[in-house]
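Step one of this worksheet: look at the structure below.
The values are calculated or read from the model by the stated rules, or taken from the named source; none is laboratory data. Computed from a predicted structure; not experimentally measured. Every residue, glycine among them, receives a Cβ derived from its backbone with ideal geometry; neighbour counts consider all protein chains shown. All accessible areas refer to the heavy atoms of the entire protein, side chains included, with ligands and DNA or RNA removed. Shrake-Rupley method; radii C 1.70, N 1.55, O 1.52, S 1.80 Å.
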Amino acid sequence: MLDAPEKLRPADLASSSDRSSWDRLEVPGNWTLQGYGRPQYTNHQPPLPLEPPQVPRENPTGVYGRKIKVPHAWKNRRTVVHFGGAESALAVYLDGAFVGMGKDCRLPSEFDLTPYVTPGKSHWLSAVVIKWSDATWIEDQDQWWMAGLHREVFLYSTEIVHIQDVFAVGSLENDYRDGALDLTVRVGFPGDAEPGWQVEAQLHAPSGKPVWRKPEAIPVFAGWREDPGRREARLQKKVRRPRVWSAEEPNRYQLVMTLVDPEGRTVEATSVRFGFRSVEVRDRELLINGAPVMIHGVNRHDHHDVKGKALD
């Protein structure tokens, strides 16, 4: 544990360093409940006696390290490391080389390790977690302040060309009777997109039955985008008389998407569940599917009496 990120040394990240004196910490977990520092609760007062975006000079910084070995079967594939949550700022290194950084305690950060790893070879993965950052001011609310890797960490593999992300939105129209599906599938390429790739999409009703007679074949748009390695397949389609989603009847449809290469071979597939619904504010009322609703509840924070923000 360091008392400031400026104290970080290359030796703290090198794969050849002696770590016999390092402590073992549980991950997911908070180091504030494992012998380093202490948890801090604040309500309406910010946790730092400073002005945004300043952070204190004494800024606890934890260095996590673990040996990893990428399977031989992942050769000619992508290798990605997933961090489910880190409070507050996260920097990732492999064998001492900087890979990337992320902020936002409550959202995952993922890093492409493919250029840094050799399948079948051991590597040293380091995660540097800084307790306070400029993002702290944005995340300030009544809560227990902790620190560390409080959610899951794992490696996974994909094909080189892969489904990068999926956005499926089901809205309602025609006086909330009919549905409208707006689907965006982002496809990741290692460089410029190759022509001929497509995504096949099939919609399944809450009962599990296919909605369409055959899957929709959507070409991957290979035109210019801000990110030359990201391309999209877009679909907008009407769905007649869907079973709508509400809190009382949470009807969910399943959308299955298959990535197909120019030769017609299936590369990978994934699915998402969503509901057809309308959420709007009109005449000072919150309307779900056109009907006014009242919300009863409180804000919720992940919290465990022993593990902090790391839930079992």
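Please give the number of the condition L155 fails out of (1) touching a Lys or Arg at 6+ places or on another chain (Cβ under 7 Å); (2) open to solvent by 50 Å² or more (accessible area, probe 1.4 Å).
(1)
Given A14, A4, which one is open to solvent by less than 50 Å² (accessible area, probe 1.4 Å) and without any contact (Cβ under 8 Å) to a residue 60 or more places away in the chain?
That would be A4, the only listed residue that is open to solvent by less than 50 Å² (accessible area, probe 1.4 Å) and without any contact (Cβ under 8 Å) to a residue 60 or more places away in the chain.
Examine the stretch 235-258 for a residue that is among the charged types (D, E, K, R) and either farther than 24 Å from G170 by Cα or open to solvent by less than 50 Å² (accessible area, probe 1.4 Å) (or both), and state whether such a residue exists.
The answer is no; no qualifying residue exists.
Which residues, taken from the stretch 272-302, are surrounded by 14 or more Cβ atoms within 10 Å (Cβ to Cβ), within 22 Å of the chain's Cα centre (by Cα) and not aromatic (F, W, Y)?
V272, G275, D302, listed by residue number.
Yes or no: V128 in contact with a Gly (Cβ under 9 Å, 6 or more places away or on another chain) and either outside any loop (DSSP other than H, G, I, E, B) or crowded, with 16+ Cβ neighbours inside 10 Å (or both)?
Yes, satisfied.
Spot the failing condition for P115; the list is (1) in a loop (DSSP other than H, G, I, E, B); (2) surrounded by 14 or more Cβ atoms within 10 Å (Cβ to Cβ), and only one is missed.
Every condition holds for P115 apart from (2).
Just for the stretch 166-192: of the residues that are outside any strand (DSSP E or B) and charged (D, E, K, R), which one is modelled with the lowest pLDDT?
Across the stretch 166-192, the extreme among qualifying residues is D192.
Here are some conditions: (1) open to solvent by 50 Å² or more (accessible area, probe 1.4 Å); (2) touching a helix residue (DSSP H, G or I) at 6+ places or on another chain (Cβ under 6 Å); (3) outside any loop (DSSP other than H, G, I, E, B). V63 meets all but one. Which one does it not meet?
Here V63 meets the rest and fails (1).
Pick from V272, V279: which is closer than 23 Å to L235 by Cα, in contact (Cβ under 8 Å) with a residue 60 or more places away in the chain and of a type in the set (V, I, T)?
V272
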